[in-house]
Structures are given as structure tokens and as C-alpha cells.
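Below is one structure, written out as C-alpha cells, with a few remarks after it.
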Number of protein chains: 2
Amino acid sequence: MVVSSQHIVNGRPADFDLKNYLDRCGRIVNMGLDRLLPPAKAKPRTLHESMRYSIFAGGKRLRPMLCLAAAEACGGNHEAALPLACAVECIHTYSLIHDDLPAMDDDDLRRGNPTNHKVYGEGIAILAGDALLTHAFELAAGCDAWPRYDHQAIVREIAVTAGSKQLIAGQVADLEGESCDLSRVELKYIHERKTSALLCCSVRLGGMSANCTPKQLKALTDFGYHVGLAFQVIDDILDVTQSTEQLGKTAGKDQSAAKATYPSIVGLEKSRTIARQLTGRAFKALEAFPKRRTAALNALAAYLLERDR
Amino acid sequence: MVVSSQHIVNGRPADFDLKNYLDRCGRIVNMGLDRLLPPAKAKPRTLHESMRYSIFAGGKRLRPMLCLAAAEACGGNHEAALPLACAVECIHTYSLIHDDLPAMDDDDLRRGNPTNHKVYGEGIAILAGDALLTHAFELAAGCDAWPRYDHQAIVREIAVTAGSKQLIAGQVADLEGESCDLSRVELKYIHERKTSALLCCSVRLGGMSANCTPKQLKALTDFGYHVGLAFQVIDDILDVTQSTEQLGKTAGKDQSAAKATYPSIVGLEKSRTIARQLTGRAFKALEAFPKRRTAALNALAAYLLERDR
């Protein structure tokens, strides 16, 4: 798949081979996760199998890839970014396992497969989530660090993002079903926390692993924030327009739960416009970097806008 | 309460006023937790109230006190140890909230009060646990550190202890109910992980906050390990001998769940002997420190052995 740039924005290299990039980085991330997670046969086996079941359940690895691509943008390398990329994927996977629980979204299907608690039972699913969250910090403590971005800065970055005012706050808002009568501003509050925060953290960690300048970190923050919001708007759109089979998770859930979404508040067409505008701002943020280094980030942002699942 | 030392071991100062120490350190820890946790009225309120509900539900603060007392033993001060003492209490409280869930031990009562999920519902209880676990790492990232025990070492200490091979492994073993036909060796495996690991981590973190020597860290590890095992043996004994009212949690649970415990495997008297022997080894480990600095650790270990709840 060679993503053509013309309908999105100028400046994205039309000849960037995204499919090749996704394959290559996907392999790097999968090998990293396999190496950096406890082996399935280590005691307690059920727990470690359950952790690996969800980690290797066909996730698209967007967050770790954004982390690696952000490291590239700052002149860094994949090797230094990999433990942080894997930490972010552990956080993401833990949040999915807990979100799918009967006491939360009560979902049986994730990426076309039975959810963790459907396979291992609720108790083990809760503990597997706990263990992945904890393991993310073990990985963060194990990475190489710079004086400017030491382990203190890296651990704080992850803890604040995954914490009670960001990622978990988004899930609480979702859980409390306050979403029914939300304004666009309130919906944005949820999207910022439930999705944008961790995407933003992913690119920031990539930058930190490459010892980026403060100016570069600001640009990555800007990029991650807008890509994250666009990602969630698209998610809302796909929930309406795609089938369960296409998504690999239950489609139409937002509608049947009478959840506020971008389409339900501003309509489908306006939602698409908003997603394009947000992605445009993300592209804009990348102008802080030499163009030759942002091909991957650029293509990933375009891919997230154009994806159909 | 002036704990007299004569029935336990020589060397513990008979005039150490433990009640005063528990009161004073309890206040320090409670004030620290109040200051270092997100305020109850910060958004999302339900979540932050739920976190605080369990944190301030009358816990004895043993782990944070052991952390402070270990800092004293190494010539350090309470101020430097406090964020780590609070981090350990966050980990402990998260593990209790998740352990009490219907999918786990299904307990309605904790310290004489309704468990978190009974008050806030299962969804919020799971998220409150997640948030406390995450917050522990934010606190660890926020503490002052030494070159020898930098944030990398401190975060790793907590992550490994709370992780899939220690704390969570203990809970998995408990959950899988493999305990029915356990040998004493297997029971010890669970106790080491479910209880001893975090007590050991508490004193180690106290030592680290005081920039202890490697020899002191080893002695604290030895102390924490044995105190932790003794603590759990006593817990097993109290489950048999005390009433629900006395314990503030459901008594006789182990027996009714046909769980293996020290009393069920070796009998009540032998269990008491084992607890005394383990505590004796803990006292022995303290000989690595100047006697004037270990009064608190000594008294705490004796108190844990003699407690009735």
C-alpha cells in the first residue's frame, strides 16, 4: 500500500511505503513484546498466558509504532525506543482487558477474538490487566535514559497519562454513562483522556528516547494530541458505518448504548471534516522537524484518518 | 502500651513506647496520604472519592510504618521516606480492593466497613484499584533519590514486587484454589508472594530512602522477609481463633473455603511456634544496625507477632 498524499495535505512524501513500514515495525514491536514480557511458561502460567493472549491478540500496534516513528523524527533509533513502545502497548492492552469486563463495557469480542475474561475468567482477566499495567513500569525502569529525560521523567510521563486524571478519568466518564446528553466540549474531554492521552504519550516517549529538544517535544505533544483526537472521531464514525465483522469488535455499540459520539452530536459529514482538520493540525506540528525524518509519522497520521477498521 | 520484650527476644528496649510511635507515625502517614493523593473533589470525583474511601478505611498502616522505621534504622528521616511509604500503602490498598471483588474473594466487609465495590460498584472499584496502583508509581517518580538508589532502582523495586511473579502471583495461587491440598512448602510460596514481598519491599524502600549501605539493605531484606512470613502465619491463626467482629473482616473464611493454612497443615500450636521462630530471625537480622536505631523496627515486629487482629 503506497499512501497517496494529495487529498490530505502537501508535504507528505507520496512514495512512502507504509505497508512495508507497518510490517517491519510490527515485527520489531512483536519481537520486543515477546522478549520483554514474562514467558508464558513462567509460574503462574495461567496469568502469563492470559497476559500474552491479549498482548498477541492482533492489535495494530499503532501506539508503539507512533513511539518508534517519533524517535526517528528526532534522529533517534528504534532500539532505544522499543522498551517504551512496549510499555505503552502494555498500558493500552491492560486498559482494553479491564474495559471489556462485565462490570465495565461487558464486551465478548475484541479484534475478532473472545475477550480475555471470556477465555480466562474475570478474576484472571483483572489480574492480567493489573500485571500488564505494573509491567509497563518495570519496562520503563529498564530502558536506557538520558540526563534530560531520566527514569523519573519517563515514569512520571507514563504514570500521569495512565492515571486518575487522564486514561482512567476517560474510562470513568464512559462508565458513568454521562455521555448521553454531552455537549461537544464534554465529549472532547472524554476523547482527550480515553484516547488522545496515550497516543500523545507514545510519541512523547519516542522523542524522549531520542533525547529530543524541548521544542521537538512540544511539537510531538501537539502532533500526538491532534492525531489522538482524530483517531477517536474516526472510531466514532466507524462504529456507525462499519459492520461488526469489519471492525473485529461489536459495531453500533455507541448507538445502542445511546452514547454521545461525534456523529450523534454534529452528524457524519461534519465529523469527517473535523477528523480531517485535526489531522491537518497534526501534519502542521511536524513542520518543526526535518521533512526527511517525518515520513513515517506523516504516513501514520494519514493512515489513521483513512482507515476502515 | 509499653511492649515488654522479655517473652520474645533479648535486646528489644523494654521501654519503647510503641503506642506513641504508632500514633505519631500513623498521623504522619495519614497526612502524607491526604497530601499526596488527588483531592476528592478533583474530577472525576467518584473515582477520587472511591480511592480515598479505601485508603482512609482504617488500615493499620503497617507497611508505611515499617518503611519509616527502616529509614530510621539506616540513619535516615521520615520526610524522605514518606512518598515511598505512601506508594506502598497505595499498592497494598489497590490489592485489597481488587482481592475483595466478586470475581476474586467476593468479600463484603473490610476493616469493619463495606468493601469498595459494595459502596461504589464493581466498575469504579476496579478503576480505583487501577488508579491507586498507577499512583504508586507517580509517587515513586516524585520522591527524592540518591545516586545509589535512583528512580530506576526504586521504580523497579516496586514494579517487581507488585508484579506478576510476586504480589499478583500470590493472588493467582489464592484464586485458583490450588490451596486445598497444599504442602507446607507450597503454602510458603503463596505467603512469600501474597504478604512477605510487599512487607519486604516496604523496609527496603525505607532503607533506600536513607541511602543505606548494601549490607544494611541485605539485613532489611532478611528482616522484611521473615516479618512478612510471620505476619501471614499469624493471620492464618487469627482467622481460626478470632471472631468477625474482632478482625473487622469475615473470620473463618479460610476454613469455610477449605483453604490450606498453617493451622490446617501443622496445627495451631506449631503455627505459633513457627511465627515466633520467624520473628526471632527478623530480630536477628536487626543486629546489623546500631541498637539505638532499631527500637521501632524491633517493637513493630514484636507487635505483629502479638497482635490479636
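The values are calculated or read from the model by the stated rules, or taken from the named source; none is laboratory data. None of the values given here were measured: they were computed from a predicted structure. Note that each Cβ is placed from the backbone with ideal geometry, even for glycine, and that neighbours are counted across all protein chains shown.
Condition test on A:I91, is it at the interface with another protein chain (Cβ under 8 Å from one of its Cβ atoms), part of a helix (DSSP H, G or I), in contact (Cβ under 8 Å) with a residue 60 or more places away in the chain and closer than 18 Å to B:G129 by Cβ? No; evaluated as a whole, the condition is false for this residue.
I'd like the full set of residues that are more than 9 Å from the chain's Cα centre (by Cα) and touching a residue at least 40 places away in the same chain (Cβ under 8 Å), limited to region B:187-200.
Step one: filter region B:187-200 for residues more than 9 Å from the chain's Cα centre (by Cα), giving B:187-194.
Across region B:187-200, the qualifying residues are B:L187, B:K188, B:H191.
Check region A:48-61 and report whether any residue there is surrounded by 16 or more Cβ atoms within 10 Å (Cβ to Cβ) and under 15 Å from A:A296 (Cβ atoms). Yes. The residue list B:L229, B:L217 contains one member that is aliphatic (A, V, I, L, M), part of a helix (DSSP H, G or I), closer than 22 Å to B:R272 by Cα and modelled with pLDDT of 95 or more, which is B:L229. With respect to B:A71, is the statement that it is more than 8 Å from chain A (Cβ to nearest Cβ) and in contact with a Phe, Trp or Tyr (Cβ under 8 Å, 6 or more places away or on another chain) true? No, not satisfied.
Please state which one of A:A295, A:A260 is touching a Phe, Trp or Tyr at 6+ places or on another chain (Cβ under 9 Å) and either without any contact (Cβ under 8 Å) to a residue 40 or more places away in the chain or hydrophobic (A, V, I, L, M, F, W, C) (or both).
Numbers: A:A260 fails: touching a Phe, Trp or Tyr at 6+ places or on another chain (Cβ under 9 Å).
Going through A:A295, A:A260 in turn, just one is touching a Phe, Trp or Tyr at 6+ places or on another chain (Cβ under 9 Å) and either without any contact (Cβ under 8 Å) to a residue 40 or more places away in the chain or hydrophobic (A, V, I, L, M, F, W, C) (or both): A:A295.
Can we say B:A145 is over 25 Å from B:L47 (Cα atoms) and either modelled with pLDDT of 95 or more or in a helix (DSSP H, G or I) (or both)?
Working: over 25 Å from B:L47 (Cα atoms): yes; either modelled with pLDDT of 95 or more or in a helix (DSSP H, G or I) (or both): no.
When the stated conditions are applied, B:A145 does not pass them.
Residues of region A:126-139 include none that is polar (S, T, N, Q), crowded, with 24+ Cβ neighbours inside 10 Å and not in a helix (DSSP H, G or I). Exactly one condition in (1) outside any loop (DSSP other than H, G, I, E, B); (2) free of Cβ contacts under 8 Å to residues at least 60 places away in the same chain; (3) at the interface with chain B (Cβ under 9 Å from one of its Cβ atoms) is not met by A:I97; state its number. The one condition A:I97 does not meet is (3). The set of residues in region B:159-186 that are more than 8 Å from chain A (Cβ to nearest Cβ), within 17 Å of the chain's Cα centre (by Cα), free of Cβ contacts under 8 Å to residues at least 40 places away in the same chain and assigned to a helix (DSSP H, G or I) contains only B:G170. Residues being out of contact with any Pro (no Cβ under 8 Å at 6 or more places or on another chain), among the charged types (D, E, K, R) and facing another protein chain (nearest Cβ under 9 Å) are represented in region B:136-153 by at least one member. Residues of region B:100-116 that are in a loop (DSSP other than H, G, I, E, B) and either in contact with a Leu (Cβ under 7 Å, 6 or more places away or on another chain) or among the β-branched types (V, I, T) (or both): B:M104, B:T115.
A:R156 satisfies every condition listed in (1) facing another protein chain (nearest Cβ under 7 Å); (2) farther than 18 Å from B:G123 by Cβ; (3) buried (at least 24 other Cβ atoms within 10 Å of the Cβ); (4) out of contact with any His (no Cβ under 7 Å at 6 or more places or on another chain) except (3).
B:A128 meets each of the listed conditions (1) out of contact with any Phe, Trp or Tyr (no Cβ under 9 Å at 6 or more places or on another chain); (2) within 11 Å of chain A (Cβ to nearest Cβ); (3) of a type outside the set (D, E) apart from (1).
Candidates are the residues of region B:25-47 that are within 18 Å of the chain's Cα centre (by Cα) and surrounded by 14 or more Cβ atoms within 10 Å (Cβ to Cβ); the one that is farthest from B:Y120 (Cα to Cα) is B:C25. Number of residues in region A:35-65 that are over 29 Å from B:K194 (Cα atoms), outside any loop (DSSP other than H, G, I, E, B) and either among the hydrophobic types (A, V, I, L, M, F, W, C) or at the interface with chain B (Cβ under 9 Å from one of its Cβ atoms) (or both) equals 2.
Any residue at all in region B:109-124 that is at positive phi, surrounded by fewer than 22 Cβ atoms within 10 Å (Cβ to Cβ), within 17 Å of the chain's Cα centre (by Cα) and more than 7 Å from every other protein chain (Cβ to nearest Cβ)? Looking through region B:109-124, at least one residue is at positive phi, surrounded by fewer than 22 Cβ atoms within 10 Å (Cβ to Cβ), within 17 Å of the chain's Cα centre (by Cα) and more than 7 Å from every other protein chain (Cβ to nearest Cβ).
Determine if region B:192-209 includes at least one residue that is polar (S, T, N, Q), more than 25 Å from B:A159 (Cα to Cα) and in a helix (DSSP H, G or I). Please lay out each step first, then the result.
Residues of region B:192-209 that are polar (S, T, N, Q), as a first pass: B:195-196, B:202, B:209.
Imposing the further condition that a residue be more than 25 Å from B:A159 (Cα to Cα) reduces the set to none.
No, the conditions are met nowhere in region B:192-209.
Set side by side, the residues A:Q246, A:Q277, A:Q255 differ, and just one is more than 16 Å from the chain's Cα centre (by Cα), modelled with pLDDT of 95 or more and part of a helix (DSSP H, G or I), which is A:Q277.
Of the residues A:G76, A:G11, the single one that is among the small types (G, A, S), within 28 Å of A:T294 (Cβ to Cβ) and modelled with pLDDT under 95 is A:G11.
Considering region B:284-309 alone, what residues qualify as being within 18 Å of the chain's Cα centre (by Cα), part of a helix (DSSP H, G or I) and not acidic (D, E)?
Start the filter on region B:284-309 by keeping residues that are within 18 Å of the chain's Cα centre (by Cα), which leaves B:296-309.
So of that shortlist, the ones also part of a helix (DSSP H, G or I) come out as B:296-306.
Of everything in region B:284-309, those that are within 18 Å of the chain's Cα centre (by Cα), part of a helix (DSSP H, G or I) and not acidic (D, E) turn out to be B:A296, B:L297, B:N298, B:A299, B:L300, B:A301, B:A302, B:Y303, B:L304, B:L305.
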